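Below is one structure, written out as structure tokens, with a few remarks after it.
The values are calculated or read from the model by the stated rules, or taken from the named source; none is laboratory data. This one's a predicted model, so the numbers in the text were calculated from it and none came from an experiment. Every residue, glycine as well, gets a Cβ built from its backbone with ideal geometry; the counts of neighbours run over all protein chains shown. Calculation scope for accessible area: heavy atoms of the full protein, side chains included, ligands and nucleic acids excluded. Shrake-Rupley method; radii C 1.70, N 1.55, O 1.52, S 1.80 Å.
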Amino acid sequence: MLRFLKPVLKQQFLVIILGIAAGIYYPQIKEHFLGKSVDVSFESAKQQQQQQQEKLFTKEELAQFNGENDKPLYLALLGRVYNVTRGAKHYGSGCEYHFFVGRDASVSFITGEFDDYVEGEADDVLSLKPADLLGLHNWQNFYEKDYEFKGKLIGRFYDEQGQLTTYHHKYLALLEQAKDEKATNQKLREKYPDCNIEWSADKGSHVWCTKSSGGKNRNWVGYPRKLFEIGNSNFRCACLRKEDLDTTEVMIAQYDNCEPLSHECYYQVD
């Protein structure tokens with residue numbers, strides 16, 4: 001009986017020893033085979049470190065980073081501060097974009113007005129059009145990708161703890177609306193493609209529809225109409241199918257002095 005049990009007990013003992021060893025040396029074993037550390041808290045610790053290193057700037061502090069006295073060049077966009085020193089040929093003293101240095105002049109990224117800086121208006125973006133908000137968002141993506149993020153500016157977009165302000169939340173909500181409007185307009189442009197258009201001094205503007213107008217190939221021609229898109233006070237010329245001429249999905253209008261079922265129209269622009 002004992003002879004029978006000895007091999008069994010020996011196997012159980014070896015399993016126990018291997019289990020203990022595996023528990024003790026598990027990180028080293030996994031690192032050896034997988035080629036990386038098993039410290040699962042590394043990424044979260046790294047993120048926490050970045051947050052701890054993130055600086056909060058007052059307007060007075062940011063203004064000091066203007067390239068003078070060996071200071072680097074910083075600018076803020078939508079409350080986020082970037083080091084643009086490596087772009088000194090654009091942002092240095094006397095250069096075309098030096099206006100943005102040491103401040104948040106987000107609105108000027110859209111208006112292109114670099115002459116006067118009005119502190120209470122320079123970063124007030126809520127009155128901008130949806131397309132302009134999308135443009136600002138693209139600018140922010142550019143700086144996030146191409147320049148070093150240094151921290152946040154206390155003020156309109158971030159509070160003294162670096163948290164989003166109510167104003168910032170309003171901006172983000174309007175940005176999402178602008179993205180939705182853009183997606184909707186893109187779908188409408190596919191359904192109601194652009195007309196062909198040309199201008200001459202003799203006849204004025206000439207718009208017409210073909211099976212390839214608007215850069216899109218299709219199996220129908222369509223009829224030119226003025227189409228007013230969401231968030232845009234201007235109209236574009238769109239080609240509509242006959243069954244869509246009475247649509248209420250979008251606001252459309254017929255061209256003056258043009259037959260309802262004509263494939264082309266002429267008009268003068270005042």
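Worth pointing out:
- Solvent exposure of K203, expressed as accessible area, is near 120 Å², computed with a probe of 1.4 Å over the protein chains only.
- Inter-probe distance in nm under a simple model that places probes 7 Å from Cα toward Cβ, at E148 and F228: 5.1 nm
- With all protein chains modelled, accessible area of R189 [1.4 Å, Å²]: 90 Å²
- Rounded if a/c under 1.5, otherwise prolate or oblate - the stretch 119-160, Cα gyration tensor axes: oblate
- Point-charge dipole on Cβ atoms (K/R +1, D/E -1) for the stretch 203-270, about Cα centre, debye to 20: 340 debye
- Note on S262: accessible area is roughly 30 Å² with a 1.4 Å probe, heavy atoms of protein only.
- Shape class for the stretch 128-261, computed from the alpha carbon gyration tensor (a ≥ b ≥ c): prolate, with a/c not under 1.5 and a/b above b/c.
- Net charge contributed by nearby residues that have their C-beta within less than 15 Å of S93 (K/R +1, D/E -1): 0
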